[in-house]
Amino acid sequence: MFIGRHEAVVDPKGRVHLPSKIRDALTNSFEPPLILTISDRCLQGHPAKQWLEKYENLEESEYTPEKGDLLRAITENAVECPIKNGRILMPSWLRNYAGIEREVVIVGRIKKIEIWSAERHAQISAEYVPEKLSKRLRELGF
């Protein structure tokens, strides 16, 4: 299970150290490698087996041209990221998509992680309205 917020730095080659809690969860509970792909405003990292299951579930539904485009976007914007020396390499085209330069925030989302540009993450976090967030969390039972 991936949880928490972790700050990290991307080196000049595009590598980022995964926090030990993320690495441990990936190696103890899931099977590497990590599949890194695009998301709304960040990058998502999924354990390979889970990513494949999600893809296959989508692929099994009825075919439409829109679904074909979606499946293509999913696969062409994904890359296997083996963990080497505790780091993963984020290709430049994925970093550009997410606006990632040097500082990142890695967020655990239970079965996946998100890798955010620190600046973009700060902007999103600044939009949280504590009262609205608290109310919604109570409605959901948290």
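The values are calculated or read from the model by the stated rules, or taken from the named source; none is laboratory data. This structure is a prediction, so every number in the text was calculated from the model and none was measured. Cβ coordinates were reconstructed from backbone atoms using ideal geometry, including for glycine residues, and neighbour counts include every protein chain displayed.
Within region 49-66, the set of residues being touching a Phe, Trp or Tyr at 6+ places or on another chain (Cβ under 9 Å) and either at pLDDT below 90 or not basic (Lys, Arg) (or both) comprises Gln50 only. None of Ile22, Ile88, Ile38 is surrounded by fewer than 18 Cβ atoms within 10 Å (Cβ to Cβ), closer than 18 Å to Ser117 by Cβ and either modelled with pLDDT of 90 or more or touching a helix residue (DSSP H, G or I) at 6+ places or on another chain (Cβ under 6 Å) (or both) except Ile38. So, of the residues in region 102-142 that are crowded, with 16+ Cβ neighbours inside 10 Å and among the aliphatic types (A, V, I, L, M), which turns out to be nearest to Glu31 (Cα to Cα)? The selected residue is Ile113. If you go through region 17-49 and pick out every residue that is over 16 Å from Ala78 (Cβ atoms) and polar (S, T, N, Q), you end up with 4.
Within region 81-94, restricting attention to residues that are among the hydrophobic types (A, V, I, L, M, F, W, C) and in a helix (DSSP H, G or I), the residue that is farthest from Val9 (Cα to Cα) is Trp93. For region 41-59, a tally of residues being crowded, with 16+ Cβ neighbours inside 10 Å, within 15 Å of the chain's Cα centre (by Cα) and not small (Gly, Ala, Ser) returns 6. Could you check region 47-80 and list, in sequence order, the residues that are among the polar types (S, T, N, Q), over 16 Å from Thr37 (Cα atoms) and either outside any helix (DSSP H, G or I) or touching a strand residue (DSSP E or B) at 6+ places or on another chain (Cβ under 9 Å) (or both)? Those that are among the polar types (S, T, N, Q), over 16 Å from Thr37 (Cα atoms) and either outside any helix (DSSP H, G or I) or touching a strand residue (DSSP E or B) at 6+ places or on another chain (Cβ under 9 Å) (or both): Ser61, Thr64. Check region 51-65 and report whether any residue there is over 25 Å from Ile124 (Cβ atoms) and of a type in the set (Phe, Trp, Tyr). Yes, the conditions are met somewhere in region 51-65.
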